[in-house]
1. The conditions are (1) among the hydrophobic types (A, V, I, L, M, F, W, C); (2) open to solvent by less than 10 Å² (accessible area, probe 1.4 Å); (3) at pLDDT 90 or above, and V228 fails exactly one of them. Which is it?
2. Does the range 7-16 contain at least one residue that is of a type in the set (A, V, I, L, M, F, W, C), within 21 Å of V111 (Cα to Cα) and either part of a loop (DSSP other than H, G, I, E, B) or open to solvent by 30 Å² or more (accessible area, probe 1.4 Å) (or both)?
3. Quick one: is E37 more than 19 Å from the chain's Cα centre (by Cα) and not β-branched (V, I, T)?
4. In the range 198-220, is there at least one residue being open to solvent by 30 Å² or more (accessible area, probe 1.4 Å) and within 19 Å of E140 (Cβ to Cβ)?
5. Quick test of your reading of the structure: A79 fulfils all but one of (1) at pLDDT below 90; (2) of a type in the set (G, A, S); (3) under 24 Å from A114 (Cα atoms). Name the failing condition by number.
6. Which residues, counting only those in the range 45-64, are open to solvent by 50 Å² or more (accessible area, probe 1.4 Å) and either touching a Pro at 6+ places or on another chain (Cβ under 7 Å) or not in a helix (DSSP H, G or I) (or both)?
7. Criterion first (within 18 Å of V123 (Cβ to Cβ), among the aromatic types (F, W, Y) and open to solvent by 10 Å² or more (accessible area, probe 1.4 Å)) does F96 satisfy it?
Amino acid sequence: MSGNGPIRILLVDDQPLLRMGFRLILEGEDDMEIVGEASDGAEAVHQVRLLAPDVVLMDVRMPVLDGIEATRALTTARARAKVIILTTFDLDEYAFAGLQAGASAFLLKDVAPAELISAVRVVASGDAVVAPRITRRLLETYVRGGGAGPGAAAGSATGKESSASSGGVRAAGDPLLEDLTPRETEMLGAMAEGLSNAEIAHRYFLSEATVKTHVRRILTKLHLRDRVQAVVYAYETGLVVPSNPDY
């Protein structure tokens, strides 16, 4: 739930039938409300400002302004909406660029209804990464290649700049890493492995409440929007090195 009301969702895709399908699935949930639709990225940015949704389901390949640039615009403007990138297959350079640009997660367009509903709730809560091991696989594939996917976000390994407060990812060797305690650095590494709070708690013999506190402090210290951005950050700064170069 968003505050005292339902999760407010904006659907962004240039295919009306796809938007209709997502609407039919999500509108059936008592805790969700479709507040608007957009058919291109420029319209999406405008609608976010107008409607203040909690979650944006964002296609990447659209006319006028693509989903990656739209996501970057929302991140730069510090919009509170969380973006879920919609893609056609899991190891997609567009999905990677979307995560770099500030998206909180990505989903396959043929996602099962139950998984779509769950993902929206998870991202709205800001408490976890959607499909963390798939996200890790995506990051290992493209960070290893230099992060040069289409529309690569500012602050990627290509050397472009980014603002620490924008929620985007910064270049390798970020001095903010020095602000983390040794335990927080361990927690960040575990998050980048795709471990859930429960799995991290089990590994380090901590309570889940303690892990959540560490995660919250990490995000605050590194000026990151959410958990998935922390995972991207760990790879982009070189804190985590892709584990399987032959993947």
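The values are calculated or read from the model by the stated rules, or taken from the named source; none is laboratory data. Note that the coordinates shown come from a computational prediction; the quantities given were computed from them, not determined experimentally. Virtual Cβ from ideal backbone geometry, glycine too; neighbours counted across all protein chains shown. Heavy atoms of the whole protein, side chains included, go into the accessibility calculation; ligands, DNA and RNA do not. Shrake-Rupley method; radii C 1.70, N 1.55, O 1.52, S 1.80 Å.
1. Failed condition: (3).
2. no
3. yes
4. Within the range 198-220, one or more residues are open to solvent by 30 Å² or more (accessible area, probe 1.4 Å) and within 19 Å of E140 (Cβ to Cβ).
5. For A79, the exception is condition (3).
6. Matches in the range 45-64: R61, P63, V64.
7. Numbers: within 18 Å of V123 (Cβ to Cβ): yes; among the aromatic types (F, W, Y): yes; open to solvent by 10 Å² or more (accessible area, probe 1.4 Å): no.
It is false that F96 is within 18 Å of V123 (Cβ to Cβ), among the aromatic types (F, W, Y) and open to solvent by 10 Å² or more (accessible area, probe 1.4 Å).
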